[in-house]
1. Could you list, in sequence order, all residues of the stretch 120-135 that are part of a loop (DSSP other than H, G, I, E, B) and touching a helix residue (DSSP H, G or I) at 6+ places or on another chain (Cβ under 6 Å)?
2. I'm trying to understand the selection: among the residues of the stretch 85-95, which are hydrophobic (A, V, I, L, M, F, W, C) and under 12 Å from PHE18 (Cβ atoms)?
3. Between residues in the stretch 6-24 that are at positive phi and touching a residue at least 12 places away in the same chain (Cβ under 8 Å) and residues that are outside any helix (DSSP H, G or I) and not polar (S, T, N, Q), which pairs lie under 7 Å by C-beta distance while being six or more apart or on different chains?
4. Suppose the filter is closer than 25 Å to CYS31 by Cα, out of contact with any strand residue (DSSP E or B) (no Cβ under 8 Å at 6 or more places or on another chain), modelled with pLDDT of 95 or more and among the acidic types (Asp, Glu); does ASP113 pass it?
5. Can you name every one of the strands (runs of 3 or more DSSP E) wholly within the stretch 1-96 that holds 1 or more residues which are crowded, with 19+ Cβ neighbours inside 10 Å and at pLDDT 95 or above?
6. THR80: hydroxyl-bearing (Ser, Thr, Tyr) and either touching a residue at least 40 places away in the same chain (Cβ under 8 Å) or in contact with a strand residue (DSSP E or B) (Cβ under 8 Å, 6 or more places away or on another chain) (or both), yes or no?
7. Yes or no: ALA172 in contact with a helix residue (DSSP H, G or I) (Cβ under 9 Å, 6 or more places away or on another chain), in contact (Cβ under 8 Å) with a residue 24 or more places away in the chain and under 15 Å from PHE6 (Cβ atoms)?
Amino acid sequence: MPEKNFKTLLPHIKLMVFDVDGVLSDGSIHCFNDGEQLRVLNIKDGYALQLAIKKGIRILIISGGKSEAVVKRLNLLGVTEIFMGVHHKLPILQEFLIEHKISLEETLYMGDDIPDMECLKHVAASTCPADAANDIKPICLYVSQLGGGKGCVRDVIEQVLKAQHKWLDADAHTW
């Protein structure tokens, strides 16, 4: 069987799935005395997320972490399909694909650690940040040169939108 080529999958991507901690954020969590936890998200990733949605790409977030602030930020960007506090990610992904009639070949997943492994093995376009766990990089079709929270989400979204000729058109110049 021929080896999959990341670039040849990009024109067909309809769904992009992202983890939060270690992908949308750098994985650092600042803990406060009141129990609140702060995550820092990248503004360039945010721009790319909202543009992908405008261009008809579905964005799905599946995270083991819980953060109302992250949900609010993602909602402001137009992301509405968010699953937080998930202990087993693959069933959520499988249900979503069936419900929305999206194939594995039309799905890109970006994860960074062991809880993402099953999903990464399941989809056609498996991706991870440069600083993903050592067990994750070898199973991914594409490893971004950028780390989690450092623009890796922008990297893969930009590649998909460029492959679909949707990157620098009139819609790209507005939020």
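1. Let us first name the residues in the stretch 120-135 that are part of a loop (DSSP other than H, G, I, E, B), namely 123-124, 129-135.
VAL123, ALA124, PRO129 - these are the residues of the stretch 120-135 that are part of a loop (DSSP other than H, G, I, E, B) and touching a helix residue (DSSP H, G or I) at 6+ places or on another chain (Cβ under 6 Å).
2. LEU93
3. Here the result reads GLY22/ASP112; GLY22/ASP113; GLY22/PRO129; GLY22/GLY148, each pair linking the stretch 6-24 to a residue that is outside any helix (DSSP H, G or I) and not polar (S, T, N, Q).
4. Spelling it out, ASP113 is indeed closer than 25 Å to CYS31 by Cα, out of contact with any strand residue (DSSP E or B) (no Cβ under 8 Å at 6 or more places or on another chain), modelled with pLDDT of 95 or more and among the acidic types (Asp, Glu).
5. Qualifying strands (runs of 3 or more DSSP E): 15-18, 58-62.
6. Numbers: hydroxyl-bearing (Ser, Thr, Tyr): yes; either touching a residue at least 40 places away in the same chain (Cβ under 8 Å) or in contact with a strand residue (DSSP E or B) (Cβ under 8 Å, 6 or more places away or on another chain) (or both): no.
So THR80 does not fit the description; no.
7. Numbers: in contact with a helix residue (DSSP H, G or I) (Cβ under 9 Å, 6 or more places away or on another chain): yes; in contact (Cβ under 8 Å) with a residue 24 or more places away in the chain: yes; under 15 Å from PHE6 (Cβ atoms): no.
For ALA172, the condition - in contact with a helix residue (DSSP H, G or I) (Cβ under 9 Å, 6 or more places away or on another chain), in contact (Cβ under 8 Å) with a residue 24 or more places away in the chain and under 15 Å from PHE6 (Cβ atoms) - is not met.
The values are calculated or read from the model by the stated rules, or taken from the named source; none is laboratory data. If you're wondering where the values come from, they're calculated on a predicted model, not measured in any experiment. Heads up, the Cβs are rebuilt from the backbone with ideal geometry, glycines too, and the neighbour counts pull from every protein chain shown.
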